[in-house]
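Everything on this sheet refers to the single structure shown next.
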Amino acid sequence: MADREAGVAAVLDCLRRDTRWDWGVDERGDYHAYLIRELGVPIDPLLELLDGPGEEGSERAREALAPLALLGSESAREALRRHVREGEWWQETLSFLADNWPAHWWEDLGPDAVRRLGGERPAHWRSEPWLSWRELLPAREAAPPARRELRITPRTDRLLAALADPDTPYRERDEAVRILAERPAVPVELLTLVPELTTDGRDGFGVRGLGGVGRAVRRLGPLAVGPAREWAVDGRHWLQWLGVRVLAEYGGVGDVPRLVAELANQWEERTWCGPKTVADGLARFGPVAAEAAPLLRRFWQLTPHSYERPSYLKALHAIDPGAAAPLLGESLWDCERDARLYAVRHVPLDGRLAVRLAELRDSPGEYDELREVAAGRLG
């Protein structure tokens, strides 16, 4: 914003190539739309991406164009509607618009969409807009219900015995764990078996815990804390991480040093996916976890994984509210909606930040919950 020419170039670069560390969860569309509007970025490169041959480029374009239309760009709105009528990735675009636009912006596209189907079933027929357009689709004969074999579920003691037997085949052990993880009450006896409940490593990912182990253990909640303290210092990474997760969710004040040590290790190894779990755990302890504050601030400032940043913000605010105040202010402009929402709930209401809250309250591109919270803060 300080150097508009360089800002425009930077935004266009981010639109042309996906710079997200994790494209599946890290959010950018709303943030890009805001910058495009504020900097007056031309949208022609976005239109080229939208109609280009690459699905990922088209996805990036619609993620920015849809909120840009909500912010008042008629060109963005018409481009997306035209893509539904004529473009290659029209079904994905239509589903995205139905999730993010008011219904009266897309409901008249029904006849064009049905025409483009050519009698085929929609790719996303179980969701909007196809749920609203059921009457426009040709009637289909209902498929006969699939026959399902009734499986006699073994008793819990038999499942535990199978898991304790090292000669039980891998697939049977895996199935036994999954069944136990779905029981109304997971047997506490499972905890003593956890360190040996591993895969065989033949899938190329190495030895790790069986698929349902983590879910079963975490369902035991506080009952798993004692064993988890031993697992958290185990040399096997999968078991050590399971122990840390349990301590983060259910551990006590005495477990704070171990969680801080884990966070420090993740920083040293530049582990960008996972510190969120530890940060959420440390937030439970407030000022008692003060030793973690410098690490959390580093992660908040430097992680490329923006999806995790709201957790660092919440933890820092719980541990040292005064030091977190500037971070809350900055987070009103964050690309992640959860960071913006948390900042709106907790930011000090001084002059500049109150103006930003009013912008968020009145922005048609923002989410309803965030706008409602901003309105409540401003009275």
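The values are calculated or read from the model by the stated rules, or taken from the named source; none is laboratory data. None of the values given here were measured: they were computed from a predicted structure. Backbone-built Cβ (ideal geometry, glycine too); neighbour counts: all protein chains shown. Only protein heavy atoms, including side chains, enter the accessible area calculation; ligands, DNA and RNA are left aside. Shrake-Rupley method; radii C 1.70, N 1.55, O 1.52, S 1.80 Å.
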Somewhere in the stretch 263-274, is a residue of a type in the set (Val, Ile, Thr), on the phi < 0 side of the Ramachandran plot and without any contact (Cβ under 8 Å) to a residue 12 or more places away in the chain? yes
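Where in the stretch 261-379 are there helices (runs of 4 or more DSSP H), lying fully within it, with 2 or more residues that are among the β-branched types (Val, Ile, Thr) and open to solvent by less than 70 Å² (accessible area, probe 1.4 Å)?
Values: elements: 275-283, 293-302, 309-319, 321-331, 337-346, 351-362, 368-378.
Per the criteria, 275-283.
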What is the one condition in (1) open to solvent by less than 100 Å² (accessible area, probe 1.4 Å); (2) modelled with pLDDT of 90 or more that ARG158 does not satisfy? (1)
Picked from the stretch 176-191 (must be surrounded by fewer than 19 Cβ atoms within 10 Å (Cβ to Cβ) and either without any contact (Cβ under 8 Å) to a residue 24 or more places away in the chain or acidic (Asp, Glu) (or both)), the residue nearest to THR153 (Cα to Cα) is GLU182
Show the residue pairs meeting these rules: Cβ distance below 7 Å; 6+ apart or different chains; first residue within the stretch 6-33 and more than 22 Å from THR303 (Cβ to Cβ); second residue at pLDDT below 95 and among the small types (Gly, Ala, Ser). ALA33/GLY365
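Go through the stretch 16-40 and give me each residue that's aromatic (Phe, Trp, Tyr), open to solvent by 60 Å² or more (accessible area, probe 1.4 Å) and part of a helix (DSSP H, G or I). So that I can check it myself, show each step before the final result.
Looking only at the stretch 16-40, we keep the residues that are aromatic (Phe, Trp, Tyr), and these are 21, 23, 31, 34.
Checking the rest, the ones that are also open to solvent by 60 Å² or more (accessible area, probe 1.4 Å) come to 21, 23, 31.
Answer for the stretch 16-40, where residues must be aromatic (Phe, Trp, Tyr), open to solvent by 60 Å² or more (accessible area, probe 1.4 Å) and part of a helix (DSSP H, G or I): just TYR31.
Is it true that some residue in the stretch 318-329 is within 19 Å of GLU372 (Cα to Cα) and in contact (Cβ under 8 Å) with a residue 12 or more places away in the chain? It would help to see each step written out before you state the result.
Kept after step one, since they are within 19 Å of GLU372 (Cα to Cα), are these residues of the stretch 318-329: 328-329.
Filter once more, keeping what is in contact (Cβ under 8 Å) with a residue 12 or more places away in the chain: 328-329.
Yes.
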Among the numbered criteria (1) within 18 Å of TRP333 (Cα to Cα); (2) assigned to a helix (DSSP H, G or I); (3) out of contact with any Lys or Arg (no Cβ under 7 Å at 6 or more places or on another chain), which single criterion is violated by GLU56? (1)
Here are the criteria: (1) touching a helix residue (DSSP H, G or I) at 6+ places or on another chain (Cβ under 9 Å); (2) under 30 Å from GLY252 (Cβ atoms). Tell me which single one SER306 does not satisfy. (2)
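Listed here are the residues, each with its yes/no results for (1) modelled with pLDDT of 90 or more; (2) surrounded by fewer than 18 Cβ atoms within 10 Å (Cβ to Cβ).
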site: ALA61; (1), (2): yes, no
site: LEU70; (1), (2): yes, no
site: ASP108; (1), (2): yes, yes
site: PRO145; (1), (2): no, yes
Within the bounds of the stretch 225-245, is there any residue that is open to solvent by less than 70 Å² (accessible area, probe 1.4 Å), under 30 Å from ARG20 (Cβ atoms), part of a helix (DSSP H, G or I) and touching a Pro at 6+ places or on another chain (Cβ under 9 Å)? no
